[in-house]
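Structure record follows, encoded as structure tokens.
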Amino acid sequence: SRGAYNQDDVSVFKQPTMEGHAVRSLLLGAGIAAAAEVNHRDDYRETVARWWANMAQAKMYVTGGMGSVPSIEGFGPDYELPNEGYNETCASVGAGFFSGRMNLLTGDAKYIDVLERELYNGALSGVSLQGDTYFYTNLLAAGPDHRRWGWKSGAVNITPCCPPMFLKLQGALPGYLYATDGAGIYVNLYAGSTARIGLKSGEVGLKQTTRYPWEGTVELAVTPKSPAAFPVNLRVPGWAKGAEVAVNGEPVKAETFNHYLRLERTWKAGDVVTLRLPMPVERVKADERVKANAGRVALMRGPVVYCLEGVDNEGRLASLQIPPGGEIHAGFQAGLLGGVTTLKGAAVRLREQAGEVRNEPAEFTAIPFFANSNRAPTDMAVWIADDASQVRPVTVAGEGEPTASHCNGNDTVRALNDGLAPKSSDDESIPRMTWWDHRGTPEWAQLTFSTPQTIQGVEVYWWDERRVGRDCRVPEKWTVQYRDGEEWKTVEDASGFGTELDTSNAVSFRPVTTTALRIAVQLQPNWSGGILEWRLRDGASLR
């Protein structure tokens, strides 16, 4: 037994919230909901209603991602939703199964909202547009090294659960579009489709025509074998405000119940229902208890969650601000990423130059989250600063392309110049670059610039794990080198190369103009090492 991790520390009927391993917990919820349809027991129904509410309100990412804690592949405390959280593709599929079962159990369309969120975002992001690579984890903020895995013999990264789970969800999709209680029809998802549904009053043919999710107009042809009276219930998504419905071109007013519009009439062959769901761009703000997204905004249009990629936005996304209140325009681009609607609007980029931070006007482009990581390696983020206090200005160091002689696979060279200030030399709350598991070896870290830069100093904040008894220490010695033509030369008149803990070790030197700068280190015998942050000094001030 592993307690709450496996949901076996207490009876499920006493478990207050979603706990433990995300995939197992969500599939257990789906199973209990399915059993409740058959046994009609109140304790089963109350349990899954409680779990689902906790999941949707406190443990689900805006994309539908599930499970924020990598060490357990599972749920953390309520509202603990870091943007680098785990979000296993299988967990999003599990949440879709759970939500679909809850809809069948209760007849409430709010559960389909989450199923739809998984279909267009949380689960769909797990497979590439080509269909030949996949994500095990679906981060909401990632660097260029976060790429989908290939499925091939001998590949380093193969976790075989996600592709078949994704296929199970897609295989189940036709059964999610429509439902019936025998008396009437429930239209749950909007997609071009045909169906034949048996009712007590007879068989009914349905044909749905729509460009959803890019457009919000849906036409539904209802064709009973003979005229018959029965209700057609149209789901109104939670994001939709001001839905309008017409029958045979005539606007009608419909009763709303359980998040459906109920159209009850005598239907005959040739009847067509038209549903219009307005799709303005929505600025989403996180619950204030989600600390990771304070001062940030996410963008949605209809059921689709959006993200920004560096390839569309001149690189560093951390330097962008989307100010509140500006217009955001949606436009379909048939030639981009298989055909997607993009969002464009005004932004501000902060740039630090000669010791001063200035605002530069910019334009941002956002793409659907499901389509991220299908082009050149690049940064990606769902939550973008809308408060200037959350913006990290572009610096000279930040404009450099980081590389290293070696970097541990669980760490990233992007940490070298991501602009995140460490709290200590063993600060695990931010990314780091380490040379682990190289020990006692000469190593280097490098920033390469697209245009020559004049530098006269650096600051290095070392990664050191001595207080927690692990394997990285400050280096035995180090120096700074610059590229001069085809040669690497050591800087001159250096003020000294410090190895102090819990501080930036500053060194000044005779100014150099170069397209690449290196920190060259000699690791201590038997120890590895790393860097939390590297900053550059230009002129009289840090950049």
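Observations on the model:
- Residue satisfying condition, being under 17 Å from residue 118 (Cβ atoms) and small (Gly, Ala, Ser), within set 49, 22, 34: 22
- Residue within region 435-452 that is among the hydroxyl-bearing types (Ser, Thr, Tyr), open to solvent by 50 Å² or more (accessible area, probe 1.4 Å) and farther than 25 Å from residue 145 by Cα present: no
- Residue match in region 215-236 (condition: in a loop (DSSP other than H, G, I, E, B), open to solvent by 20 Å² or more (accessible area, probe 1.4 Å), within 20 Å of residue 119 (Cβ to Cβ) and in contact (Cβ under 8 Å) with a residue 60 or more places away in the chain): yes
- With respect to the conditions (1) in contact with a Ser or Thr (Cβ under 8 Å, 6 or more places away or on another chain); (2) on the phi > 0 side of the Ramachandran plot, residue 526 falls short on a single one, namely (1).
- Filtering region 350-364 to residues that are assigned to a strand (DSSP E or B) and open to solvent by 10 Å² or more (accessible area, probe 1.4 Å) leaves 350, 351, 352, 353, 356, 357, 358, 359, 360, 361, 362, 363.
- Every residue from region 319-339 that is in a strand (DSSP E or B), surrounded by fewer than 19 Cβ atoms within 10 Å (Cβ to Cβ) and touching a residue at least 60 places away in the same chain (Cβ under 8 Å): 332
- Strands (runs of 3 or more DSSP E) lying entirely in region 430-522 (those with 1 or more residues that are over 13 Å from residue 536 (Cα atoms) and of a type in the set (Gly, Ala, Ser)): 442-463, 505-522
- Qualifying residue in region 263-276 (condition: assigned to a strand (DSSP E or B), in contact with a Leu (Cβ under 8 Å, 6 or more places away or on another chain) and of a type in the set (D, E, K, R)): no
- Between 64, 31, the distinction of being on the phi < 0 side of the Ramachandran plot and at pLDDT 95 or above belongs to 31 only.
A quick yes/no check of all residues on (1) of a type in the set (Val, Ile, Thr); (2) open to solvent by 10 Å² or more (accessible area, probe 1.4 Å); (3) at pLDDT 95 or above; (4) on the phi < 0 side of the Ramachandran plot:
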position	(1), (2), (3), (4)
86	no, yes, no, yes
95	no, no, yes, yes
101	no, yes, yes, yes
112	yes, no, yes, yes
117	no, yes, yes, yes
123	no, no, yes, yes
130	no, yes, no, yes
133	yes, yes, no, yes
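- Hits in region 157-207 (condition: within 18 Å of residue 132 (Cα to Cα) and touching a residue at least 12 places away in the same chain (Cβ under 8 Å)): 157, 159, 161, 162, 163, 165, 166, 168, 169
- Any hit, region 377-393, residues being aromatic (Phe, Trp, Tyr), within 21 Å of residue 146 (Cβ to Cβ) and at pLDDT 95 or above: yes
- None of 383, 444, 436 is closer than 28 Å to residue 492 by Cα and of a type outside the set (Gly, Ala, Ser) except 444.
- Failed criterion for residue 400 (all others in (1) open to solvent by less than 20 Å² (accessible area, probe 1.4 Å); (2) without any contact (Cβ under 8 Å) to a residue 40 or more places away in the chain hold): (2)
- Test result for residue 173, aliphatic (A, V, I, L, M) and open to solvent by 20 Å² or more (accessible area, probe 1.4 Å): yes
- Listed by first and then second residue, the pairs linking a residue in region 1-15 that is among the hydrophobic types (A, V, I, L, M, F, W, C) to a residue that is assigned to a helix (DSSP H, G or I), with Cβ atoms under 7 Å apart and 6 or more places separating them unless they lie on different chains, are 12/32; 12/47; 13/43; 13/47.
- Only residues that are of a type in the set (Gly, Ala, Ser) and under 18 Å from the mean Cα position of the chain (by Cα) were counted across region 316-345, and they come to 1.
- Contact map, region 403-432: first residue over 15 Å from residue 448 (Cα atoms) and among the aromatic types (Phe, Trp, Tyr), second residue buried (at least 19 other Cβ atoms within 10 Å of the Cβ) and modelled with pLDDT of 90 or more, Cβ cut-off under 8 Å, separation 6 or more or different chains; the map is empty.
- Criterion (open to solvent by less than 20 Å² (accessible area, probe 1.4 Å) and among the hydroxyl-bearing types (Ser, Thr, Tyr)) met by exactly one of 405, 425: 425
- Among the residues of region 33-53, those that are of a type in the set (A, V, I, L, M) and either surrounded by 22 or more Cβ atoms within 10 Å (Cβ to Cβ) or in a loop (DSSP other than H, G, I, E, B) (or both) comprise 33, 36, 48.
- If the condition is being at pLDDT 90 or above, closer than 16 Å to residue 535 by Cα and not small (Gly, Ala, Ser), then region 402-420 contributes 402, 403, 413, 416, 417.
The values are calculated or read from the model by the stated rules, or taken from the named source; none is laboratory data. A quick note: this is a predicted structure, and the numbers were derived from the prediction, not measured. A quick note on method: Cβ atoms are made from the backbone with ideal geometry, for glycine too, and the neighbour counts reach across all protein chains shown. These accessible areas exclude ligands, DNA and RNA; they are computed on the full protein's heavy atoms, side chains included. Shrake-Rupley method; radii C 1.70, N 1.55, O 1.52, S 1.80 Å.
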